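Note sheet for the following structure.
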Amino acid sequence: AFQHRLWPEIEKTVKQQVAMARMGIGDCGSGWQLFAEDGEMKMYRREEEVDGMVVDPLKAVHVVKGITGHEVCHYFFSPQYRYDWETTLEQMTVLETISDDTLMFHQIHKRIWPASQRDVVFWSHMRKLPNDQDRDGPDIWTVVNNSTEDPDHPANAGKCVRIFLTVCLLCQTRVIPPKDGTPLSRDNISCKITYCSVVNPGGWAPASVLRAVYKREYPKFLKRFTAYVKNQTKSKPIMY
Ligand SMILES: O=S(=O)(CCO)c1ccc(-c2ccc(C3CCCC3)c([C@H]3C[C@H]3c3ccccn3)c2)cc1
């Protein structure tokens, strides 16, 4: 197939991000601190600053009943649903369709007082991965979003401060077949979701403000997004 100029970077980043997402939280010595918990959802962060700017890596793990990893990645990747679940989105543009599983986006996020408004340009790639731990287990699905440059959308040219991010959504479907051999239903499936993100806010913003934004927005985002997928899929055939 034709090699897009970004393909080598996409390959490398996906492998690297999936490997990191699969690593557990490790013991508390690893610097991960639990900062939000809601039922099956647990959110961890590491406090890190680059040039005095907060770039706290975030790792969230969640188990959601009744949906598959393919369905979670489909609704996260596909642009047509994004305004339904991404509440902080003010504008989203698909800049390029690199392939049917790889898009380039420009997004402007709503201004969060007192920080100035942010925008981001990133490629987004969705992929099914072989389940190398459990050969006949269900596949693993992932979406990786990674900031990139676009000559038509230079950073900090307009009113927005350009942010830089790397995001990995890794989903593992679990199937528990019913004892009595009846056909599989959504009651027999669940999805283990690992969401990792590192966001560089671009321009300076007070650490206390950024950490408050993340503490409020990330749990809200993951709960809202997973509830959206459950609602969208509940009366549809299971997409494995
Ligand atoms: O997973 S994605 O790729 C999904 C595609 O949309 C993603 C996730 C998060 C962001 C993002 C990046 C930076 C900020 C901050 C930084 C300083 C001021 C704005 C925010 C603010 C809007 C808050 C927020 C934080 C977490 C989750 C959602 N909303 C959000 C962008 C893309």
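The values are calculated or read from the model by the stated rules, or taken from the named source; none is laboratory data. Computed from a prediction, not measured in an experiment: that's the story for all the values here. As a convention, Cβ positions derive from the backbone with ideal geometry for all residues, glycine included, and neighbour counts pool all protein chains shown. When the accessible area is computed, the model is the full protein with side chains, heavy atoms only, and any ligands, DNA or RNA have been set aside. Shrake-Rupley method; radii C 1.70, N 1.55, O 1.52, S 1.80 Å.
Can we say residue 223 is under 19 Å from the mean Cα position of the chain (by Cα) and open to solvent by 60 Å² or more (accessible area, probe 1.4 Å)? Yes; evaluated as a whole, the condition is true for this residue.
Every condition in (1) surrounded by 17 or more Cβ atoms within 10 Å (Cβ to Cβ); (2) at pLDDT 95 or above; (3) within 22 Å of the chain's Cα centre (by Cα); (4) of a type in the set (A, V, I, L, M, F, W, C) holds for residue 210 except the one numbered (2).
Restricted to segment 1-29, and to residues that are assigned to a helix (DSSP H, G or I) and polar (S, T, N, Q), which residue is nearest to residue 123 (Cα to Cα)?
Of segment 1-29, the ones assigned to a helix (DSSP H, G or I) are 7-22, 28-29.
From what is left, the residues that are polar (S, T, N, Q) are 13, 16-17.
Details: 13: 11, 16: 15, 17: 14 Å.
So the residue we want is 13.
Residues that are closer than 19 Å to residue 16 by Cβ, loosely packed, with under 12 Cβ neighbours inside 10 Å and in contact (Cβ under 8 Å) with a residue 60 or more places away in the chain within segment 80-130 are absent altogether.
Cβ-Cβ distances below 6 Å connect the following pairs, each with a first residue in segment 132-158 that is closer than 19 Å to residue 10 by Cα, a second residue that is open to solvent by 20 Å² or more (accessible area, probe 1.4 Å) and among the aliphatic types (A, V, I, L, M), and a separation of six or more residues or different chains: 140/129; 143/126; 147/165; 150/95. Among the residues of segment 30-48, are any touching a residue at least 60 places away in the same chain (Cβ under 8 Å) and in a helix (DSSP H, G or I)? No, every residue in segment 30-48 fails to be touching a residue at least 60 places away in the same chain (Cβ under 8 Å) and in a helix (DSSP H, G or I). For segment 119-163, filtering for residues that are among the basic types (Lys, Arg) and under 22 Å from residue 108 (Cα atoms) leaves 2.
Return yes when residue 211 is free of Cβ contacts under 8 Å to residues at least 40 places away in the same chain, within 11 Å of the ligand (Cβ to nearest atom) and in a helix (DSSP H, G or I) and no when it is not. So residue 211 fails the test. Is it true that some residue in segment 46-59 is farther than 25 Å from residue 139 by Cα, among the basic types (Lys, Arg) and open to solvent by 70 Å² or more (accessible area, probe 1.4 Å)? Within segment 46-59 (the criterion being farther than 25 Å from residue 139 by Cα, among the basic types (Lys, Arg) and open to solvent by 70 Å² or more (accessible area, probe 1.4 Å)), the answer is no, since none of the residues qualifies. Would you check which residues across segment 78-114 are more than 10 Å from the ligand (Cβ to nearest atom) and of a type in the set (Val, Ile, Thr) and list them? Once the filter is applied, which keeps residues that are more than 10 Å from the ligand (Cβ to nearest atom) and of a type in the set (Val, Ile, Thr), segment 78-114 yields 93, 94, 97, 98, 102, 108. Look through segment 115-125, keep the residues that are more than 7 Å from the ligand (Cβ to nearest atom), out of contact with any helix residue (DSSP H, G or I) (no Cβ under 9 Å at 6 or more places or on another chain) and not charged (D, E, K, R), and return whichever of them is nearest to residue 152 (Cα to Cα). It comes out as 121.
A quick yes/no check of all residues on (1) in contact with a His (Cβ under 8 Å, 6 or more places away or on another chain); (2) of a type in the set (Ser, Thr, Tyr):
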position	(1), (2)
3	no, no
15	no, no
21	no, no
39	no, no
42	yes, no
54	no, no
61	no, no
68	no, yes
78	no, yes
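Listed here are the residues, each with its yes/no results for (1) more than 11 Å from the ligand (Cβ to nearest atom); (2) at pLDDT below 95; (3) more than 16 Å from the chain's Cα centre (by Cα); (4) open to solvent by 30 Å² or more (accessible area, probe 1.4 Å).
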| site | (1), (2), (3), (4) |
| --- | --- |
| 132 | yes, yes, yes, yes |
| 151 | yes, no, yes, yes |
| 179 | yes, yes, yes, yes |
| 195 | no, no, no, no |
| 200 | no, no, no, yes |
| 229 | yes, no, no, no |
| 236 | yes, no, yes, yes |
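Please tell me if residue 154 is touching a Phe, Trp or Tyr at 6+ places or on another chain (Cβ under 7 Å) and outside any strand (DSSP E or B). Steps first, please.
On the way: touching a Phe, Trp or Tyr at 6+ places or on another chain (Cβ under 7 Å): no; outside any strand (DSSP E or B): yes.
Considered against the rule, which asks whether it is touching a Phe, Trp or Tyr at 6+ places or on another chain (Cβ under 7 Å) and outside any strand (DSSP E or B), residue 154 comes out as no.
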